[in-house]
Structures are given as C-alpha cells and as structure tokens.
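Below you'll find the structure, written out as structure tokens, and then a few comments.
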Amino acid sequence: MAWFKKSKNNIAEEKPELWNICPSCKAHIFKEEWAAGLKVCPKCNYHDRLTYQERIDLLLDDGSFKEINAEVSTNDPINFIDAKGSYAKKAAATKKKINMNEAVVTGCGNINDIPVVVAIMDFRFMGGSLGSGTGEKILLAAEYALRNKRPYIIFSASGGARMHEGIISLMQMAKTCAAIARLNKAGVPYFSVLTHPTTGGVSASFATIGDLNIAEPGALIGFAGRRVIEETIKQKLPADFQTAEYLLEHGFLDKIVARKDMKDFFAQLLPYAIKSPKRRR
C-alpha cells in the first residue's frame with residue numbers, strides 16, 4: 001500500500017496536532033475539548049491566558065463591542081536599546097505579529113443589554129506591560145465611562161511596568177489611579193478582574209483598587225517575585241503564596257469567579273451596582 005512508502009518526515013508533517021498540553025499539570029487535552037472549555041484544564045482547573053478577542057467574545061453580548069482610542073500606541077521617550085535590539089523595533093514587530101497597537105484594548109459594549117466600558121489587557125503584547133500608551137488608553141476609557149456614567153471593567157494580565165520607557169512607564173501607575181479616583185468621586189462603578197498573571201506595577205495600581213477586586217482561579221497575583229521576596233526576608237513562603245486563593249483568604253480579593261461564570265456574575269452584579277449609589281471612600 002502506498003502509505004507504507006511515505007518517509008517518516010512526511011508522516012510527521014502530515015500528522016494533525018490533536019493535543020494541547022496544560023502549562024500547569026502537563027496533561028494532554030484534545031484541542032477541541034481545550035477550546036470548548038475556554039482554555040481551562042479539566043484536570044487541574046488551570047486558567048490559561050486568553051487573547052483580548054477571546055475575552056470580548058466571552059464577556060460581551062454578540063456584536064456589541066465598539067473599540068475606542070484604537071490609535072493610541074507605544075512611545076519610545078528614551079530611545080531604548082539593549083542587547084536584543086531597539087525597543088521601537090521590538091514594539092513594531094509585536095504590533096505586526098498580533099495586530100495590536102498596545103497591551104490593552106478598550107471599548108464599550110453590553111453585558112445582557114447593560115452598557116459597560118471595558119479595558120482588556122493582552123499578555124501577548126510585551127508581557128502585557130504597562131507603558132505610556134497602555135496607561136493613556138486606560139485613562140481615556142475611564143474618562144469615557146465617567147462622561148457616559150457607565151460601569152468600568154478592567155481585565156488585567158501583566159508582568160508589570162514597561163521599563164523600556166523608563167520613569168514614564170512608572171508614571172502610568174499614578175495616572176491610572178487618578179482616573180479611577182475620579183470615577184469613585186462621581187459614583188461610577190469600577191470593577192477589576194485580575195487574571196494570570198497580574199504582577200508588578202499593574203498589581204500595585206489600578207488592578208487592586210476596584211470597588212470589587214475579582215480574580216480567576218489560580219491566578220498569579222503579586223508585586224515582586226517569590227524568589228526575590230524569599231531572599232529578602234530569609235524565609236520560605238507558602239506553596240500557594242501569591243495565588244488568587246491565598247489573596248482571597250487574606251482579604252486582598254473580594255471574590256474568585258471561574259471563567260465560565262464571569263458573564264453571569266457581572267449580569268447579576270451590574271443592575272445592583274447601577275441602582276445603588278456608591279458611598280465615597
């Protein structure tokens with residue numbers, strides 16, 4: 001039979017990729033099952049990263065999303081260059097590869113016909129780092145929510161501040177927090193959803209100052225890394241340190257919501273949040 005004559009190389013090339021390997025427990029999951037399960041491992045409940053488009057499709061009513069401030073992009077204020085090349089070239093290559101202008105996409109849409117403003121970070125864009133463009137888009141979306149009195153929801157996924165932009169990247173922490181403070185003063189609800197991972201300057205700013213701080217199961221949330229902390233305090237940290245479950249137990253989160261339940265959670269929360277005047281902190 002003809003197929004016995006095929007070389008091993010040809011067979012390898014023609015073999016379909018049937019499996020997805022869980023990044024956490026290394027279980028082999030059929031790709032169809034992985035996609036149907038929203039990239040959540042059925043073995044260990046690991047919630048893998050979503051793209052911004054996958055998050056929009058999961059959260060918002062079909063066809064309701066409209067992007068705002070799409071033109072806001074990266075900036076290179078210090079002409080940063082390292083051993084791997086220039087920041088400008090790296091950013092340009094990333095934009096072309098994943099068709100994004102920045103590490104966050106912002107816009108308006110509906111959740112069960114309730115209008116909201118969303119900012120969704122995407123880890124594929126330079127580790128979801130917080131640069132000047134990222135902070136500007138989060139700020140502008142907050143101002144849009146303020147003008148239109150719509151609840152604001154941010155989904156964070158970040159390795160921290162984008163150090164390629166120097167002190168400008170760190171300024172985005174104060175800038176975004178100031179925008180959220182104006183929402184709070186006006187009584188406009190702001191909800192923060194922390195996904196895997198949310199670390200560094202993002203975790204130390206807008207990601208943890210929501211009226212409700214919510215996380216997906218097992219999300220890594222923290223500022224400095226485990227090894228840095230252990231070397232600083234000369235102590236061994238708990239195995240579940242910096243997980244969503246650990247933070248919930250110690251009062252840093254309000255709730256953990258599974259990915260499949262996220263839209264239903266907000267559909268129940270939003271009517272109450274809109275009708276109930278928010279007390280100023």
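Please give the length that would be gained between N112 and R227 if that part of the chain were fully extended, namely 0.36 nm times their separation in residues minus their C-alpha to C-alpha distance (nm, one decimal).
37.1 nm
So how tilted is helix 87-98 from the main axis of the chain? Cα-based, degrees 0 to 90, rounded to 10.
The angle comes out at about 70 degrees.
Within straight cross-link reach of K263, meaning Cα distance under 14 Å, which aspartates and glutamates are found once same-chain residues fewer than 8 apart are removed?
Hits, sequence-local ones excluded: E54, D57, D61, D62, D113, E216.
So who's got an amide H within less than 5 Å of the one on I68, skipping anything under 5 residues away but keeping other chains? H placed 1.01 Å off N, in plane.
Result for I68 returns T106, G107, C108.
Show me, for region 139-156, the HN-Hα J-couplings you get by feeding each phi into the Karplus relation (A = 6.51, B = -1.76, C = 1.60, θ = phi - 60°), rounded to Hz, glycine and proline as x.
After applying 6.51 cos²θ - 1.76 cosθ + 1.60, I find 4, 4, 5, 5, 5, 5, 4, 5, 5, 9, 6, 10, x, 10, 10, 10, 9, 9 Hz.
Classify region 164-281 as rounded, prolate or oblate, taking a ≥ b ≥ c as the square roots of the eigenvalues of its Cα gyration tensor: rounded when a/c is under 1.5, otherwise prolate if a/b is larger than b/c and oblate if not.
oblate
Out of residues 5 or more away from L130 or on other chains, whose amide H comes under 5 Å of its own, with H placed 1.01 Å from N in the peptide plane?
Amide H neighbours of L130, under 5 Å, 5+ apart: G160, A161, R162.
Which residues in region 116-141 place their backbone N less than 18 Å from a point set 7 Å from the Cα of I274 along the Cα-to-Cβ direction?
116-119
Return the FRET efficiency for the residue pair K149, S24: r is the Cβ-Cβ distance, R0 is 51 Å, and the value is rounded to the nearest 0.05.
Given R0 = 51 Å and the Cβ-Cβ separation, E is 0.80.
I need two numbers for the chain: Rg to one decimal and Dmax as a whole number, Cα atoms only, in Å.
Looking at the chain, its Cα Rg and Dmax stand at 20.6, 78 Å.
Mind listing the long-range amide H neighbours of I111? Cut-off is under 5 Å, sequence gap 5 or more, other chains count too, H placed in the peptide plane at 1.01 Å from N.
So I111 has HN proximity to D61, V116.
Can you give the angle from 0 to 90° between the axis of helix 167-186 and the longest principal axis of the chain, with both taken from C-alpha atoms, to the nearest 10?
Roughly 50 degrees between the two axes.
Can you give me the distance in nm between label points at I98 and L58, each placed 7 Å from the Cα along the Cα-to-Cβ direction?
Result: 1.5 nm between the two label points.
With label points built 7 Å along Cα→Cβ from the Cα atoms of N45 and A83, find their separation and express it in nm.
Between N45 and A83, the label points sit 4.1 nm apart.
A short reminder: the numbers here are calculations on the coordinates, not readings from a lab. None of these values were measured; they are calculated from a predicted model. Cβ coordinates were reconstructed from backbone atoms using ideal geometry, including for glycine residues, and neighbour counts include every protein chain displayed.
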